[in-house]
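Only the coordinates and a few stated rules stand behind these numbers; no lab work does. Remember, it's a predicted structure, so these values are computed and weren't measured experimentally. Please note: Cβ atoms are built from the backbone with ideal geometry, for glycine as well, and neighbour counts cover all protein chains shown.
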Amino acid sequence: MNKTKIYPKDVVILFADLQEGIAELSKTIPSNRLKKGVTGLAKIAKILDLPVIITAVADAEGSAKIMPEIAQVLGNLPVIYRTTADSMLNEEIVGAIKASGRQTILISGVATELAVQLPALSGVDMGYRTFVVVDACGGMSERTENAALSRIERNGGNLVSVLTLAGELAGDFRTEVAQALTPIIFEMATA
């Protein structure tokens, strides 16, 4: 398998901390752009029937309100609650990734510096190909987010955008799958 390309049959998506009280804290991407990126990534998952794992930190009541954009596209999916900053330190999450049989993890979340960076690095250490979907992530400051993304890249992780994923995974534009993915390219290209 080529090391630079992303193949749908090898992808699992990890949505991390895209929940009320955390997602709004992002300072590196406007809220509407974050929602557009998350929606685009969810649409890619639906069109290609990709496995999706949603993680969150439970609030005082033991739950979390996940960004509605995910459920609007994918329906209500189970949320795996974790008690560590790194999703990959949670046996249930790692078990779900292993059960998918996939070796490429696409990560979306807030904050890039914590909920995204740590599982990206751990994923690389565990032998997975990890890609941070930059337009479906938000950080606390440009400086700290840039440091996180730089660390991920220096240690074998990768960066990608929803627009790029839609185009790359579409393949031949004459196919039915490509016809379903192509609108995502245009949605991401507009403000």
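Okay, here's what the table says:
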| quantity | calculated |
| --- | --- |
| More than 21 Å apart - percent of Cα-Cα pairs taken over the stretch 80-184 | 40 |
| Residues residue 151 and residue 176, FRET efficiency given R0 of 45 Å [Cβ-Cβ distance, rounded to 0.05] | 0.70 |
| Pairs of Cα atoms farther than 14 Å apart, the stretch 52-96, % | 49 |
| Hits among lysines - C-alpha to C-alpha of residue 3 under 21 Å, sequence gap 8 or more where chains match | 98 |
| Kirkwood Rh, Cα atoms: Rg over Rh of the stretch 117-161 | 0.95 |
| Gain on full stretching of the segment that runs from residue 83 to residue 20 - 0.36 nm per residue minus C-alpha separation | 21.0 nm |
| Over 22 Å (Cα to Cα) - which of 43/65; 5/36; 5/65; 9/43 fall in this group | 5/36; 5/65 |
| Two-site FRET efficiency, residue 185 against residue 71, from Cβ-Cβ distance with R₀ of 22 Å, rounded to 0.05 | 0.40 |
| The stretch 27-113: GluC sites (Glu not before Pro) falling in loop per DSSP and having at most 12 other Cβ within 10 Å | 61 |
| Dipole of the chain, positive end: most advanced residue of 29, 89, 183 [Cβ charges, Cα centre] | 183 |
| For the stretch 15-189: rounded, prolate or oblate by the Cα gyration tensor [a/c cutoff 1.5] | rounded |
| CD proxy at 222 nm, helix term only [per DSSP H run n ≥ 4: -39500 (n - 2.57); per residue of the chain; nearest 500] | -13000 deg cm²/dmol |
